[in-house]
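Okay, structure first, notes after.
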């Protein structure tokens with residue numbers, strides 16, 4: 001039986017209307033909460049500074065100006081648009097930028113009209129901090145509520161699959177295991193080229209063959225929210241399917257199969273009106289690169305300041321151990337494969353290396369000085385690389401840079417070896433905290449290092465970097481594989 005009117009167009013089901021009402025209620029709750037938090041934290045900051053004393057005229061002007069700036073900045077920024085579809089960190093990042101822009105906009109105005117001196121700094125800073133904390137707590141609470149709703153089956157989008165290639169099956173598993181995402185696959189239509197048969201519980205319910213899609217949409221179109229196409233081939237099969245369902249106004253998405261392209265952090269981009277699929281990149285978004293750079297500058301600056309007495313002592317030790325410069329400089333490949341000069345405390349006698357041949361240090365290497373052996377075994381020879389970090393050629397955490405000659409050798413032997421250079425090289429890395437450091441005697445050992453490096457790039461987060469830094473202190477510095 002057809003559920004619909006003329007031409008079989010489906011009517012919207014009650015559960016669809018309920019989802020729309022839930023989304024509208026959550027968005028309205030967020031707007032109202034912000035509307036209360038912004039002035040509320042201004043009053044709280046004033047009370048913390050002045051008690052119950054009445055605000056001054058300048059405070060009233062600032063209060064009105066910042067409220068107006070909030071309306072402008074929050075209206076321009078995507079604070080409320082698609083906030084449910086964003087991850088928590090992305091949502092908080094948008095909030096941070098918008099709230100900072102509010103105060104930056106008003107501060108600029110205050111300077112231009114020569115009223116900056118009349119603004120109570122403590123009150124303003126307190127308002128900024130309390131407001132940011134308050135709106136963050138509101139968003140955390142709403143997301144917890146949203147997760148509970150979705151886990152209980154409410155506010156979930158129902159998805160229909162056409163075809164079942166490997167990426168589509170992977171998506172099905174993800175949505176099945178994480179109901180808080182808010183989407184579920186209600187079934188799929190089989191097609192030639194589908195992934196090989198698996199246990200019944202591992203795939204969605206089969207609703208028939210691909211030829212039955214138009215009939216199913218005419219009868220049940222209002223029972224799902226999106227149609228995802230996962231067909232073999234990128235041209236005619238997809239075009240034919242789109243032609244058959246063009247009279248049904250349901251959102252359609254295509255799941256590309258890029259499994260054979262060696263993708264690294266793939267993503268969707270749009271330049272003007274032209275969409276593109278990004279196949280290989282380092283950190284996927286510019287804000288992540290900014291966060292990592294800020295982290296590098298903070299960690300490296302603190303390290304250089306705190307370790308400066310030790311750096312002086314080690315430099316004197318190198319100078320006394322053998323004739324030659326304190327620092328060893330060597331060309332390494334960095335971000336994008338570009339060469340840079342990496343710094344180390346010199347641990348070998350001068351002229352131990354020939355320009356056309358670089359040999360890895362080995363146990364009991366005669367080129368290494370006695371003091372150099374201590375530096376290498378304790379990893380203290382790496383400390384000058386904090387200056388590389390400050391200069392921007394390295395990061396605190398990332399794939400370890402290898403000598404240019406070694407890169408030339410291994411890129412011919414290891415698939416995707418140069419993918420390591422989609423990010424800056426690091427003083428320490430994911431491979432190093434898993435015990436992979438020092439001399440590489442076998443090719444499989446280097447392959448394992450590369451696997452960890454690529455895994456790090458795929459999984460990057462600020463938390464992972466901090467974890468690696470902490471593990472470095474406990475694991476790497478105590479290892480005896482460096483010599």
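Condition test on residue 469, is it surrounded by 19 or more Cβ atoms within 10 Å (Cβ to Cβ), assigned by TED's automatic domain parsing to the domain that holds residue 335, in a helix (DSSP H, G or I) and touching a residue at least 60 places away in the same chain (Cβ under 8 Å)?
Numbers: surrounded by 19 or more Cβ atoms within 10 Å (Cβ to Cβ): no; assigned by TED's automatic domain parsing to the domain that holds residue 335: yes; in a helix (DSSP H, G or I): yes; touching a residue at least 60 places away in the same chain (Cβ under 8 Å): yes.
Against the criterion (surrounded by 19 or more Cβ atoms within 10 Å (Cβ to Cβ), assigned by TED's automatic domain parsing to the domain that holds residue 335, in a helix (DSSP H, G or I) and touching a residue at least 60 places away in the same chain (Cβ under 8 Å)), residue 469 does not qualify.
Considering only residues that are in a loop (DSSP other than H, G, I, E, B) and surrounded by fewer than 16 Cβ atoms within 10 Å (Cβ to Cβ), which ones fall in segment 149-164? Break it down into steps so the answer makes sense when it comes.
Restricting attention to segment 149-164, the residues satisfying the condition of being in a loop (DSSP other than H, G, I, E, B) are 152-156, 163-164.
Hits for segment 149-164 are 152, 153, 154.
Is segment 223-235 home to any residue that is over 19 Å from the mean Cα position of the chain (by Cα) and in a helix (DSSP H, G or I)? Yes, the conditions are met somewhere in segment 223-235.
Every residue, every condition in (1) in the same structural domain as residue 178 (by TED's automatic domain parsing); (2) assigned to a helix (DSSP H, G or I); (3) modelled with pLDDT under 85, yes or no:
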site	(1), (2), (3)
53	no, no, yes
69	no, yes, yes
89	no, yes, yes
93	no, yes, yes
105	no, yes, yes
110	no, yes, yes
117	no, yes, yes
138	no, yes, no
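Exactly one condition in (1) modelled with pLDDT of 75 or more; (2) not in a helix (DSSP H, G or I) is false for residue 126; which is it? Of the numbered conditions (1) modelled with pLDDT of 75 or more; (2) not in a helix (DSSP H, G or I), the odd one out for residue 126 is (2).
Do we have residue 436 as surrounded by fewer than 16 Cβ atoms within 10 Å (Cβ to Cβ), touching a helix residue (DSSP H, G or I) at 6+ places or on another chain (Cβ under 7 Å) and in a loop (DSSP other than H, G, I, E, B) here? Give the steps one after another, and end with the answer.
Working: surrounded by fewer than 16 Cβ atoms within 10 Å (Cβ to Cβ): no; touching a helix residue (DSSP H, G or I) at 6+ places or on another chain (Cβ under 7 Å): yes; in a loop (DSSP other than H, G, I, E, B): yes.
Taking the combined requirement at face value, the residue does not satisfy it.
Scanning for something under 19 Å from residue 254 (Cα atoms), at pLDDT 90 or above and either surrounded by fewer than 17 Cβ atoms within 10 Å (Cβ to Cβ) or not assigned by TED's automatic domain parsing to the domain that holds residue 31 (or both), does segment 190-205 turn up at least one residue?
no
Could you check segment 393-423 and list, in sequence order, the residues that are under 26 Å from residue 475 (Cα atoms) and outside any helix (DSSP H, G or I)? Scanning segment 393-423 gives 393, 394, 395, 396, 397, 398, 399, 400, 401, 402, 403, 423.
State all residues of segment 165-191 that are in contact (Cβ under 8 Å) with a residue 12 or more places away in the chain, in contact with a helix residue (DSSP H, G or I) (Cβ under 8 Å, 6 or more places away or on another chain) and not in a strand (DSSP E or B); if no residue qualifies, say none. Break it down into steps so the answer makes sense when it comes.
Here is the first cut: in segment 165-191, the residues in contact (Cβ under 8 Å) with a residue 12 or more places away in the chain are 165-169, 171-173, 175, 179-191.
Retained after the next criterion (residues that are in contact with a helix residue (DSSP H, G or I) (Cβ under 8 Å, 6 or more places away or on another chain)): 169, 173, 175, 179-186, 188-191.
169, 173, 175, 179, 180, 181, 182, 191, listed by residue number.
The one condition from (1) closer than 19 Å to residue 132 by Cβ; (2) exposed (fewer than 13 other Cβ atoms within 10 Å of the Cβ) that residue 62 does not meet is (2).
The values are calculated or read from the model by the stated rules, or taken from the named source; none is laboratory data. Fair warning: this is a prediction, and the values are worked out from it, not measured in the lab. Quick reminder, even Gly has a Cβ in these numbers, built from the backbone with ideal geometry, and neighbours come from all protein chains shown.
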